[in-house]
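The structure appears below as structure tokens.
The values are calculated or read from the model by the stated rules, or taken from the named source; none is laboratory data. All of these numbers come straight from a predicted model, not from anything done at the bench. All Cβ positions, glycine included, derive from the backbone under ideal geometry; neighbour counts span all protein chains shown. SASA here: full protein model, heavy atoms, side chains in, ligands and nucleic acids out. Shrake-Rupley method; radii C 1.70, N 1.55, O 1.52, S 1.80 Å.
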Amino acid sequence: MILMFWNKGMETLPKKELTELQEKRLGGMVDYAYKNSPFYKKRFDRIGLKPSDIKTLDDLSKIPLTTKQDLRTNYPFGLLAVPMSEIVRFHASSGTTGKPIMVGYTDRDIHTWAELMARVLTCAGLTSEDVIQLIYNYAFFTGGLGFHYGAERIGAAVIPSGVGNSARQIMTMQDLGVTAFSSTPSYALYLAEYARNEGIDVSEFNIKRAIFGAEPWSDSMRKKIEDAYGIVAFDNYGLSELCGPGVSVECKEKDGMHVWIDHFLLEVIDPETGEVLNSNEEGELVFTTLTKEAMPLLRYRTGDISLLYEENICGCMRTHPRISRIIGRSDDMLIIRGINVFPSQIEHLLMSVPGVEDHYQIIVDRSGTMDQLNINIEVTEKIFTGDKDNLLRTKNKIETNLKSGLGVKTKVNLIEPGSIPRSEGKAQRILDLRKI
Ligand code: ADP
Ligand code: ZN
């Protein structure tokens with residue numbers, strides 16, 4: 001197989017040179033943020049930190065962490081480092097965990113983003129031969145236009161189909177001989193289900209690969225999507241605050257996601273203490289932008305939990321380090337009777353039981369002082385309407401799996417297929433009634 005790169009020199013740059021480049025860019029970025037972002041000037045001055053104190057990567061931990069709350073407090077323009085005349089676009093985060101964050105881009109930021117997305121798409125095996133359908137929201141959300149610019153850059157034929165109108169999405173896939181698509185994983189499953197109900201088998205389409213992201217999805221869910229469409233599914237991770245998608249992606253090895261560290265300096269910290277962790281230790285991803293003009297961020301806490309792989313050259317020859325797929329968001333982590341549970345763990349345990357459909361809802365409640373974990377899960381029509389003993393066996397099997405996998409007793413409720421509302425964007429899977 002021929003290895004494909006978008007920017008081979010940079011993607012395979014030897015580690016030592018990558019570190020030198022990071023160090024050089026970090027110095028420039030800290031200087032730039034101090035001079036142009038009133039937010040960072042105030043932060044530095046308050047603790048008597050000078051840009052010249054940050055000389056090497058080891059000095060990074062002297063800089064205080066920036067949080068999502070900082071962005072919300074200074075909403076909408078407080079972290080911009082350029083005048084409005086330099087801004088060419090605004091996007092907003094989805095607002096999954098609160099008020100959406102507005103992010104600005106200069107012309108150069110847009111250019112860099114498109115380049116990084118071109119790397120992402122090429123890394124997942126796409127070329128100018130591909131016909132790619134972009135099933136992301138184009139309004140506010142970074143997914144639509146982010147993929148759009150990258151896909152145009154590699155010369156693929158782009159179909160900006162947006163979200164909604166499932167019949168037309170399926171018809172387009174079929175009629176235009178679409179070879180690749182991108183969407184949230186939950187919407188991909190929904191579309192496959194929609195087609196199946198219409199008597200259409202999407203695995204007979206021309207689609208070879210797809211790139212998914214924007215929400216956590218388990219390996220079992222990946223297998224379901226791959227089987228439904230007969231494709232290879234790649235994971236990609238990013239966030240609006242850094243640019244959107246374009247921060248990291250899996251390669252053909254599908255063993256962790258390469259992070260483009262020439263643009264985003266990565267640390268993993270203990271979310272409780274803020275201490276920087278070693279590779280293979282699970283913690284919160286923290287990024288420092290190295291090239292952003294409009295909204296530079298220094299040591300930005302993402303809230304996303306993952307781990308950095310031990311360094312080794314990947315089979316694809318890329319030297320950029322890999323992180324594990326996202327385990328969850330720190331604010332999505334449920335603490336049930338003192339035990340930490342991530343929704344992705346639940347999903348993985350559910351999907352390994354035959355007859356379980358792709359849609360579920362986690363409901364956490366409190367009865368007296370006891371937390372109660374309830375899960376509504378759709379099962380196949382055959383199981384739902386079939387033999388009652390079999391239905392009970394399936395329920396017991398799921399409860400046993402969850403108890404042994406999570407260490408938490410769970411009450412499972414098997415429900416009719418199609419009864420949980422479907423989302424065109426990010427799936428809303430958790431209802432924490434304890435917070436209401
Ligand atoms: P919001 O935080 O409001 O959802 P964004 O629309 O910017 O804002 O989405 C970025 C967030 O989406 C990330 O911080 C992360 O929590 C989640 N995310 C993005 N890609 C992935 C992925 N591949 N796997 C898991 N979570 C992801
Ligand atoms: Zn690789």
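Out of Ile363, Ile313, I need the residue that is within 26 Å of Arg222 (Cα to Cα), within 16 Å of ligand 2 (Cβ to nearest atom) and either in contact with a helix residue (DSSP H, G or I) (Cβ under 8 Å, 6 or more places away or on another chain) or not small (Gly, Ala, Ser) (or both). Which one?
Answer to the check: Ile313.
Which residue out of Ala118, Ala167, Ala188 is of a type outside the set (Ser, Thr, Tyr) and touching an Asp or Glu at 6+ places or on another chain (Cβ under 8 Å)?
After applying the criteria, what remains is Ala167.
Can you name the residue in segment 352-374 that is crowded, with 21+ Cβ neighbours inside 10 Å and among the aliphatic types (A, V, I, L, M) and, of all such residues, is nearest to Leu189 (Cα to Cα)?
Val356
State whether one or more residues within segment 251-263 are open to solvent by 10 Å² or more (accessible area, probe 1.4 Å), of a type outside the set (Phe, Trp, Tyr) and away from ligand 2 (no atom under 16 Å from the Cβ).
yes
Among the residues of segment 310-338, which ones are open to solvent by 50 Å² or more (accessible area, probe 1.4 Å) and modelled with pLDDT of 90 or more?
Result: Glu310, Met317.
For Gly244, work out the one condition from (1) surrounded by fewer than 21 Cβ atoms within 10 Å (Cβ to Cβ); (2) at positive phi it doesn't fulfil.
Condition (1) is where Gly244 drops out.
Look at segment 99-127 and say how many of its residues are assigned to a loop (DSSP other than H, G, I, E, B), more than 16 Å from ligand 2 (Cβ to nearest atom) and open to solvent by less than 30 Å² (accessible area, probe 1.4 Å).
Qualifying residue count for the region: 1.
Right, Ile305: modelled with pLDDT of 90 or more, within 25 Å of Thr66 (Cα to Cα), touching a helix residue (DSSP H, G or I) at 6+ places or on another chain (Cβ under 7 Å) and open to solvent by less than 40 Å² (accessible area, probe 1.4 Å) or not?
yes
Output the number of residues of segment 49-59 satisfying the condition of being out of contact with any Asp or Glu (no Cβ under 7 Å at 6 or more places or on another chain) and open to solvent by less than 50 Å² (accessible area, probe 1.4 Å).
Here the count works out to 2.
Scan Leu297, Leu266 and give me the residue that is within 16 Å of ligand 1 (Cβ to nearest atom), touching a Ser or Thr at 6+ places or on another chain (Cβ under 9 Å), open to solvent by 20 Å² or more (accessible area, probe 1.4 Å) and not acidic (Asp, Glu).
On inspection, the qualifying residue turns out to be Leu266.
Name the residues in segment 162-189 that are within 24 Å of Leu126 (Cα to Cα) and open to solvent by 40 Å² or more (accessible area, probe 1.4 Å), would you?
Once the filter is applied, which keeps residues that are within 24 Å of Leu126 (Cα to Cα) and open to solvent by 40 Å² or more (accessible area, probe 1.4 Å), segment 162-189 yields Val163, Arg168, Met171, Gln174, Asp175, Leu176.
So Lys426 passes all but one of these: (1) touching a Ser or Thr at 6+ places or on another chain (Cβ under 7 Å); (2) farther than 26 Å from Gly95 by Cβ. Which condition number does it fail?
Result: Lys426 fails condition (2) only.
Return the pair list, or none, for Cβ contacts closer than 7 Å from residues in segment 310-327 that are over 16 Å from Leu18 (Cβ atoms) to residues that are near ligand 2 (Cβ under 7 Å from one of its atoms) and open to solvent by 40 Å² or more (accessible area, probe 1.4 Å), at least 6 apart or on different chains.
Here the result reads Gly315/Glu253, each pair linking segment 310-327 to a residue that is near ligand 2 (Cβ under 7 Å from one of its atoms) and open to solvent by 40 Å² or more (accessible area, probe 1.4 Å).
Consider Gly146 carefully, then state whether it is within 13 Å of ligand 1 (Cβ to nearest atom) and either at pLDDT below 95 or under 30 Å from Ala210 (Cβ atoms) (or both).
Against the criterion (within 13 Å of ligand 1 (Cβ to nearest atom) and either at pLDDT below 95 or under 30 Å from Ala210 (Cβ atoms) (or both)), Gly146 qualifies.
Just for helices (runs of 4 or more DSSP H) wholly inside segment 1-85: which have at least 2 residues that are over 30 Å from Ser128 (Cα atoms) and at pLDDT below 95?
68-73
Report yes if some residue within segment 133-140 is open to solvent by 20 Å² or more (accessible area, probe 1.4 Å), assigned to a helix (DSSP H, G or I) and touching a Pro at 6+ places or on another chain (Cβ under 8 Å); otherwise report no.
No.
If you take the residues of segment 81-98 that are touching a residue at least 12 places away in the same chain (Cβ under 8 Å), open to solvent by 20 Å² or more (accessible area, probe 1.4 Å) and over 21 Å from the mean Cα position of the chain (by Cα), which of them is nearest to Lys426 (Cα to Cα)?
The residue in question is Arg89.
Could you list all residues from segment 300-336 that are within 10 Å of ligand 1 (Cβ to nearest atom) and either over 17 Å from the mean Cα position of the chain (by Cα) or of a type in the set (Ser, Thr, Tyr) (or both)?
Listed by number, the residues that qualify are Thr302, Ser306, Ser330.
Contact list please: Cβ distance under 8 Å, first residue in segment 30-43 and surrounded by 18 or more Cβ atoms within 10 Å (Cβ to Cβ), second residue in a helix (DSSP H, G or I) and of a type in the set (Asp, Glu), pairs at least six apart or on different chains.
As it stands, the answer is Phe39/Asp70, since those pairs meet every condition given.
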